[in-house]
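First the structure, in the form of structure tokens, and then the observations on it.
The values are calculated or read from the model by the stated rules, or taken from the named source; none is laboratory data. Note that the coordinates shown come from a computational prediction; the quantities given were computed from them, not determined experimentally. Here the Cβ positions follow ideal geometry from the backbone for every residue, glycine too, while neighbour counts run over all protein chains shown. Just the protein is used for accessible areas: all its heavy atoms, side chains included, with ligands, DNA and RNA removed. Shrake-Rupley method; radii C 1.70, N 1.55, O 1.52, S 1.80 Å.
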Amino acid sequence: MHVQHLEKRYGANAPAIFSDISFTINRGEFVCMIGHSGCGKSTILNILAGLEHPTTGHVSMNGHHVTQPGLERGVVFQGHALMPWLTVAQNVALAVRARYPGMNKADVTQKVLHYLTMVNLQDAQHKRPSELSGGMRQRVGIARAFSTTPDMLLMDEPFGALDALTRGVIQEELLRICAKTGQTVFMITHDVDEAILLADRLILMSNGPQAHIAEIVENPLPRNRVRTSIHHQPGFYDLRNHLVDFLVRRSALASQTSH
Ligand SMILES: Nc1ncnc2c1ncn2[C@@H]1O[C@H](COP(=O)(O)OP(=O)(O)OP(=O)(O)O)[C@@H](O)[C@H]1O
Ligand SMILES: [Mg+2]
């Protein structure tokens with residue numbers, strides 16, 4: 001996916017929320033975006049998803065311009081976005097059937113159960129979203145996106161509402177899926193440890209308004225990262241300090257010098 005010179009303004013005379021956002025996501029790569037609240041991360045993700053349009057610039061994937069949502073891009077939203085009248089299983093099945101129109105009922109059911117089990121919701125499959133906690137709803141959204149095995153997963157703080165234990169389990173499952181299938185992922189997170197564990201490359205955003213990409217950092221830690229031992233790996237604390245220093249100090253400086 002090529003992202004070129006995105007800028008977003010709400011109104012002709014309004015200042016840009018962000019400008020000149022350009023980066024590439026290679027097939028099989030895991031890219032995380034980090035930046036403070038309001039710098040435009042969700043807006044950028046929504047543009048990659050085809051749900052919003054930039055004021056200028058464009059996004060292309062597999063040689064085509066992205067102008068609308070597509071099943072080859074699976075989205076996990078910052079807030080869950082489930083059909084309230086459908087059960088948990090029906091919400092996931094709807095996505096599976098949209099992605100694989102010819103799939104028989106037993107295979108759909110089996111796929112749905114596989115991904116609901118992954119997020120530990122097999123016992124809640126017949127409940128409706130209104131009967132679930134926020135974290136459970138978020139997990140349905142994750143199961144739904146994973147179940148469609150999209151070419152690219154777009155995830156907006158997908159694990160923010162989860163307890164630490166569940167978050168760890170799903171992070172590990174995501175790493176496993178990525179290692180096994182070469183899943184391409186673009187993910188927004190506030191959590192630097194999560195970013196170091198998951199990302200091959202990190203895009204650091206300066207503060208808004210008029211946010212821009214301050215820095216793109218390659219993760220120097222080898223790809224077989226494991227959550228429970230990653231902090232013992234050489235380079236972990238250098239990268240962690242670099243990111244924390246960016247967030248607490250340099251993201252604001254980066255935005256001042258650009259004005
Ligand atoms: N429809 C709109 N009209 C005007 N401004 C908007 C609109 N939608 C978003 N914005 C502004 O765009 C900016 C970026 O919003 P966005 O949701 O992309 O930020 P974010 O980086 O995802 O923040 P967070 O980390 O809190 O999720 C914010 O300042 C927001 O107020
Ligand atoms: Mg956001």
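Going by the conditions given, is SER42 open to solvent by 30 Å² or more (accessible area, probe 1.4 Å), among the small types (Gly, Ala, Ser) and either farther than 20 Å from ALA195 by Cβ or modelled with pLDDT of 95 or more (or both)?
yes
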Considering every residue within the stretch 59-71, establish whether at least one is of a type in the set (S, T, N, Q), over 23 Å from GLN183 (Cβ atoms) and buried (at least 17 other Cβ atoms within 10 Å of the Cβ). no
Please determine whether any residue of the stretch 80-96 is hydrophobic (A, V, I, L, M, F, W, C) and within 16 Å of ligand 2 (Cβ to nearest atom). yes
If LEU204 passes every condition in (1) closer than 23 Å to ARG137 by Cα; (2) out of contact with any Leu (no Cβ under 6 Å at 6 or more places or on another chain) but one, which one does it miss? (1)
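Given the stretch 158-259, what helices (runs of 4 or more DSSP H) lie entirely inside it while holding 2 or more residues that are open to solvent by 40 Å² or more (accessible area, probe 1.4 Å), more than 24 Å from HIS2 (Cβ to Cβ) and at pLDDT below 90? Reasoning before the result, please.
Details: elements: 164-181, 192-198, 236-245, 251-258.
In the stretch 158-259, the matching helices (runs of 4 or more DSSP H) lie at 164-181, 251-258.
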Can you name every residue in the stretch 144-173 that is within 16 Å of ligand 2 (Cβ to nearest atom) and more than 26 Å from TYR100 (Cα to Cα)? GLU157, PHE159, GLY160, ALA161
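Quick one: which strands (runs of 3 or more DSSP E) sit completely within the stretch 1-108 and have at least 2 residues that are touching a residue at least 60 places away in the same chain (Cβ under 8 Å)?
Where strands (runs of 3 or more DSSP E) fall fully within the stretch 1-108 and carry at least 2 residues being touching a residue at least 60 places away in the same chain (Cβ under 8 Å), they are 18-24, 30-34, 73-76.
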